[in-house]
Each structure stands twice: as structure tokens, then as C-alpha cells.
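A quick write-up on the structure given underneath.
The values are calculated or read from the model by the stated rules, or taken from the named source; none is laboratory data. Keep in mind the model is a prediction, meaning the values are calculated, not measured. In this analysis, Cβ positions are derived from the backbone assuming ideal geometry, glycine residues included, and neighbour counts consider all displayed protein chains. Note: accessible area is taken over every heavy atom of the protein model, side chains too, but ligands, DNA and RNA are not part of it. Shrake-Rupley method; radii C 1.70, N 1.55, O 1.52, S 1.80 Å.
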Amino acid sequence: MKKKIGALLTVLLMLISFLPAKAQGAEKDEIYERIQQSGELVVGLSADYAPYEFHADVDGKDKIVGFDVSIAEKIAKDMGVKLKIEELGFDALLGALKTGKIDLVISGMSITEERLKEVDFSDPYFVVQQKVLVRKGEKDNFKTTEDFKGLSVGAQKQTTQEDLVKNEMTGAEPTSLQKVPDLINNLLNKKVEAVVLEQPVAEAYVQQSDNVELAPVKFEQGEKVTAIAMSKNTPELKKHVNASIKTINDKDLLKDYQKEANDLMFQDEQSFLQKYGPYYLNGAKYTILLAFVGVLFGLIFGSLLALMKLSKSKILKALAVIYIEYVRGTPLLVQIFIVYFGTGVLGLDLSKLLAGCIAVSLNSAAYVAEIVRAGINAVNKGQMEAARSLGMNQKEAMRYIVFPQAIKNILPALGNEFVTIIKESSVVSVIGVSELIFQTGVVQGASFKPFLPYVLVSLIYFVLTFCISRLLGLVERRMGLND
């Protein structure tokens, strides 16, 4: 599923590029003016990339830190505004920038020709070399880029590292994933033979783990220039950003920012569960909320669709069929991007959580509609005829006779839908909703433990679904559905 995200974002960016010039701020620097009027600079990043940006415990509170965050704070301070951090998946950052969800992307992003077609970049603030991470004791097996022929090499999707694997590691088979901890997990479990990372990130993993080391491999194009991404035609914003970067470079502040980040990366005063337990609790809260809202509004809208599909009106029936077939025939991931980015194009500023709830509800409605329709059809037609013979109209017969019996038929299926949404809601993590999978990625990035966080989240999902299944079974018995 993750491999489809990049292609999907590319299509969305192409569609967004056809917006009128005014919508993209071509006439004047509307984005800078909006920042000044609101008094807030919104910066997007993917906080699973230590030491650039990651979660850490600061004075007893969870906080996104890293030298990219320090740079963002410096820019906001120089502009005289407050800083707001929007956490998203790396693949969703440019889409969020193009649709006005964020003002800047400060997330270890390099300048590439492909990205320059869609967005603008500031002056560089960091130049790093790319390194190859291998399992402990294997560095002598890999001395040049040609030593990886026929072997799997991991890299983060849509990055300079991915390009290096494809272009310079002759004959290597690239394995592209969205998150660095997933790449490390693949390396440790021998799914890939090496991972290409930026030097600060690679060195952080070597410092933290005794199971990996750096191979002496050098790339011809291994130097990466890191800069800040912003929308095109924003000269005033770019001027202020470049002024802050110049100050950072002139005063060599980046060294201080890096030291601060490195000091926060390794805090061992607490056990794993003590330190990261609150992340999982917060993620479980949002996961249950998404599932509850999805089923609740899915039931309301789905019931309406079911009645439309059962109606005698060909127009209503056609509309219901088109909606149900379209939603059931497209991935939830696509629907989430359409709701989140599409509403931005239309000028609606939906929060990540609200966009996720809407997408899940609209998706659930299509499936619930078929559940409700099947439940109604399962009620003996003689019930409707008997009700009509007693003088009830069709509306009254449906309300007092058919629906109460249909509820008994559909309750088990609705319970299954609730359980399904608990698991499928993990897809909303791509737009930064802090549900369980998103928080697992946060824990991976902060703890440098690629495997343990997934073991814990699998147990949490099991407990949630098991408890809900048992609760639904109790309700069914109380209602006499198993008699």
C-alpha cells in the first residue's frame, strides 16, 4: 500500500498545478501576507527522522524537536510570528504545501529537478554526504557501489537516497519505503543487505545500535543539499526565509542546533513502556474515535443510501448505485487524499482529524448501505403487507415494523464493520492523524527500535478488536439474536 502513495501524490500535484494563477499566489505574495495577518507560520515535517525532527520528552511533555525544528523556530522568530508544526507523512508534505495546508516544508528535503517543477526552495542550510548502513560485521563485504549487484538495498521513498540506489549502485534491487525505521527493520531481518541514509541519521543508528555499522562506500553524487520548500511565487516569504538561513550560516548556529538534537535523542532514564506508553494510549484514543465516528455517520448516510437504492425512483436508485460502486471500487487511501487535499483546493481548511473522520465515514457509508439493504430485504415481505393492511402507510410500516426487525439482522454485520474500521483507519496516518500506526512510527523514530513498536501495536489492536467482538456478542445475546 505504501508504494502507491508516491504515485498518488504525483497525480494530485499534477491536478493542483492546473489551478488558476491567483489560487497559487501568482499575483502577489498572498502566503506571506496571510502569515503576517494570522501571526502564525505553519511548518510541515515528518517527525520520524532524527536528528532532523523527532519526538522527545522535554520537561515531562512530548515535543517535536530536532535541528530542523530549531531552524523553523528561528525563522518564525525573525518574522515576528508564532510557529505551528504540522506533522505529516513525508510523501504528503508537498501536497499539503501545494494546497495551502502548510506554509513551509522543513524536513530534511533536498532540491531536485522534479521538485523544482512544483515548488520553490530557499538557499541551502545543510550539506551532507550519503552513507551506507549494513549489518554488524559485514562492512568489509561492501567497499564500492558495484558490490551490491543483485542485492536488495533500502532507501526512503522519493528521496536522494532512492535515486542513488537506482543510478549508482549498479545492479542493485531498490527497496523503497516511507519510513526510515521500517528500512532498519528490513536490514536487521535480512530483507535488504544495506540501507542508504544521510550521514547524521546513519551515525545516530550506529551510535544507538550494536547491530549495524557504516560501510566504506562512496557515491559520485553523494553530496546532498538540504533546503526549505515553499510555494512558487512567494518572493517576500523567500526573502525572509533566506535572511534567517544566512544568519544561521554566518553565526554557525547549526552546530548548536545539532548538539541540542543529539542530546535529546538518547534519554534512557525511563523504561520503554514508561517513556512511550502515552503515545500508544493517545493513538488508541484517536483510533477508537475514528472507528466510532465512521460507523455512526456511516450508518446514518448508509441507511439513506440503502433507502435510495430500494426506492422506486430510478434517479435516486442510480445515484445510490454510482456512489456505492465508486467508493467500494476505490482504495480508502485515495479517498483520504481527495478529502484532505481536495477540500484545500476548494478553499476549505479542514483539520487532519476532521478530514480523516469524513473520509472514513463516507467510505463506511457505502458498505453500511449494502448491510442495511440486505437487512431490510431479509425481513419477510408479508410483514410490510400486514402493516399496510392495518392502515399504516409505507413510511410508518418501515419505521415501526420493518426497521426494528432489520436491526436484528444487521447488528452483527455492523459490529464487524466497526472492527474492520478500527484496523483500516490506520491509513489516515498518511495525513498525520495521530492514531495507532502514526504513533508507532513516532515511537520508531524516537526510540531507534524498528521492531518492538510494531509488536506492541499489534497487541493493542488485538485487545481492541477482541474486546469489541466480545461486547457485541453480549449485545447479540441480550437481544436474542442467537436464539
- Message: What whole-number distance in Å separates the alpha-carbon centres of the stretch 395-429 and the stretch 434-483?
- Response: 20
- Message: Using only alpha-carbon positions, what ratio does the radius of gyration of the stretch 221-281 give when scaled by 2.2 N^0.38 Å?
- Response: 1.73
- Message: Less than 17 Å apart at the alpha-carbon level, and either on another chain or at least 8 residues along: which lysines does that give for residue 312?
- Response: 381, 395
- Quick one: Karplus J couplings for the stretch 156-166, per residue in order, coefficients 6.51, -1.76, 1.60, θ = phi - 60°, nearest Hz, x for Gly and Pro? 6, 5, 6, 10, 4, 4, 5, 5, 5, 4, 6
- Task: Report ³J(HN,Hα) in whole Hz for each residue of the stretch 92-107, in order, from the Karplus equation J = 6.51 cos²θ - 1.76 cosθ + 1.60 where θ = phi - 60°; Gly and Pro get x.
- Result: 8, 5, 5, x, 5, 5, 5, 9, x, 6, 9, 9, 9, 10, 10, 8
- Task: Please get the size of the charge dipole for the chain, origin at its Cα centre, with Cβ charges of +1 on Lys and Arg and -1 on Asp and Glu, quoted in debye to the nearest 20.
- Result: 2300
- Among the listed pairs 28/74; 101/238; 61/246; 98/449; 84/246; 98/246, which are separated by more than 29 Å between their Cα atoms? 61/246; 98/449
- Filter the chymotrypsin sites (Phe, Trp or Tyr not before Pro) in the stretch 247-310 down to the DSSP loop ones having no more than 14 other Cβ atoms within 10 Å, then list what survives. 266
- Note on the structure: Computed ³J(HN,Hα) along the stretch 236-252: with the Karplus parameters 6.51/-1.76/1.60, θ = phi - 60°, integer Hz and x for glycine or proline, the list is 5, 5, 5, 4, 5, 5, 5, 5, 5, 4, 4, 4, 4, 6, 5, 8, 6
- Message: Not counting ligands, DNA or RNA, and with a 1.4 Å probe, what is residue 398's accessible surface area in Å² rounded to the nearest 10?
- Response: 30
- Query: How much mean residue ellipticity at 222 nm does the chain get from its helices, if each DSSP H run of length 4 or more adds -39500 (n - 2.57) and you divide by all residues, to the nearest 500 deg cm²/dmol?
  - Reply: -18500 deg cm²/dmol
- Restricting to lysines and to Cα separations under 18 Å from residue 423, and discarding same-chain partners fewer than 8 apart, the set is 2, 285
- Item | Whole-number accessible area per residue in Å² for the stretch 40-167, which is evaluated in the context of all protein chains at 1.4 Å | 37
- Report the local net charge at residue 372: Lys and Arg +1, Asp and Glu -1, summed over other residues whose C-beta lies under 13 Å from its C-beta. +1
- Under a 5 Å amide H to amide H cut-off, with H placed in plane at 1.01 Å, what residues pair with residue 379 once short-range neighbours are removed? none
- Of the beta bridges DSSP finds with both residues in the stretch 102-215, what % are antiparallel, to the nearest 5? 55
- Query: Using the alpha-carbon centroid of each, what span in Å lies between the stretch 75-150 and the stretch 227-288?
  - Reply: 13
- Extension length gain for residue 225 and residue 318 (0.36 nm per residue less Cα distance), in nm, is 28.1 nm
- Task: Can you check what the net charge comes to around residue 291, using other residues whose Cβ is under 13 Å from the Cβ of residue 291 (Lys, Arg +1; Asp, Glu -1)?
- Result: -1
- How much of residue 474 can a 1.4 Å solvent probe reach, expressed as accessible area in Å² and rounded to 10? 80
- Query: Can you pull out the GluC sites (Glu not before Pro) in the stretch 36-138 that DSSP calls coil and that have at most 14 other Cβ atoms within 10 Å?
  - Reply: 138
- Count the net charge of all other residues whose Cβ sits under 9 Å from the Cβ of residue 76, scoring Lys and Arg as +1 and Asp and Glu as -1. +1
- Query: Heavy-atom accessible area per residue, the stretch 317-438, 1.4 Å probe: how many Å²?
  - Reply: 47
- Query: Once both labels are modelled 7 Å past Cα along the beta-carbon direction, what's the residue 378-residue 242 spacing in nm?
  - Reply: 6.7
- Mind giving me the FRET efficiency for residue 38 and residue 140? R0 is 41 Å, r the Cβ-Cβ distance, nearest 0.05 is fine. 0.15
- May I ask you to rank 399, 34, 470 by accessible area, largest first, using a 1.4 Å probe over the protein chains only? 399, 470, 34
- Would you please classify the overall shape of the stretch 268-350 from the alpha carbon gyration tensor, given that a ≥ b ≥ c denote the square roots of the eigenvalues, rounded means a/c under 1.5, and beyond that prolate means a/b larger than b/c while oblate covers the rest? prolate
- Which percentage, to the nearest 5, of the DSSP beta bridges contained in the chain is antiparallel? 60
- Subtracting the Cα-Cα distance of residue 459 and residue 113 from 0.36 nm times their residue separation yields 120.2 nm
- Note on the structure: Ranked output for segments 335-345, 232-242 by mean other Cβ atoms within 10 Å, highest leading, reads 335-345, 232-242
- Query: If amide H atoms are built 1.01 Å from N in the plane of the peptide, which residues on other chains or at least 5 residues away come under 5 Å of the amide H of residue 41?
  - Reply: 82, 83, 84
- Note on the structure: For the stretch 291-444, the accessible surface attributable to carbon and sulfur atoms (probe 1.4 angstrom, ligands and nucleic acids excluded) amounts in percent to 65
- Pop out the carbon and sulfur fraction of the accessible area of the stretch 34-138 as a percent, whole number, probe 1.4 Å. 44
- Message: Over the Cα atoms of the stretch 337-483, what radius of gyration and what Dmax do you get, in Å?
- Response: 20.9, 70
- If you take the beta carbon distance between residue 330 and residue 251 as r and set R0 to 51 Å, what does 1/(1 + (r/R0)^6) give as a FRET efficiency, to the nearest 0.05? 0.50
